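K.L.:
Below is a structure I'd like to ask you about.
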Amino acid sequence: FMVQLGGIREHGLVHHAMNLVPPGIPFWLLPIMIPVELLGQLTKPFALCIRLYANMTAGHLVILSFLALIFVMKTFVIAPVAVGFALFINILEIFIAFLQAYIFTMLTSLFMGMSIHPEH
């Protein structure tokens, strides 16, 4: 919502809505372009959130799966291997969390910039 509010605050509601459709396209393409652009404006932030949530959940699920091997096999012989793999995935998950935070920040600022400063 902040991406759209930033564009509306900068340009006003009417001009911001006009910025969603590229200038110079034929009139007969407007019924196709307007819904596509509106859908694109809504799905970009949603896709960022889903990707961030999926990466966080996947790492936790893999760690729990490795630790569950100890209880499924009902032996402590596999415990050092399972804990070692879980520790490795945990370190990998920390790296992925920083990478995802960087990507999330960069793409959010890119979308904000595209909303506030549209192409000419």
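K.L.:
With +1 on each Lys and Arg Cβ and -1 on each Asp and Glu Cβ, and nothing else charged, work out how big the dipole of the chain is about its Cα centre, in Debye to the nearest 20.
P.N.:
300
K.L.:
If all Cα-Cα distances of the chain are sorted into 10 Å bins from 0 onward, what percent lands in each bin, rounded to whole numbers?
P.N.:
In order of increasing distance, the bins hold 12, 28, 21, 15, 12, 9, 3, 0 percent.
K.L.:
Quick one: Karplus J couplings for the stretch 23-40, per residue in order, coefficients 6.51, -1.76, 1.60, θ = phi - 60°, nearest Hz, x for Gly and Pro?
P.N.:
x, x, 7, x, 4, 6, 8, 4, x, 8, 6, 5, x, 5, 5, 5, 5, x
K.L.:
To continue, here is another question. Once the Cβ-Cβ distance between LEU30 and LEU92 is put in as r, and R0 is 41 Å, what FRET efficiency do you end up with, to the nearest 0.05?
P.N.:
Approximately 0.30, to the nearest 0.05.
K.L.:
Mind pulling up the Rg/Rh value for the stretch 59-107? Radius of gyration and Kirkwood radius, both on Cα.
P.N.:
With Rh from the inverse mean 1/r over Cα pairs, Rg/Rh is 1.19.
Every number in this text was worked out from the coordinates using simple rules, so none of it is lab data. Because the structure is predicted, anything quoted here is derived from the model rather than measured. Cβ atoms come from the backbone with ideal geometry, glycine included; neighbour counts cover every protein chain shown.
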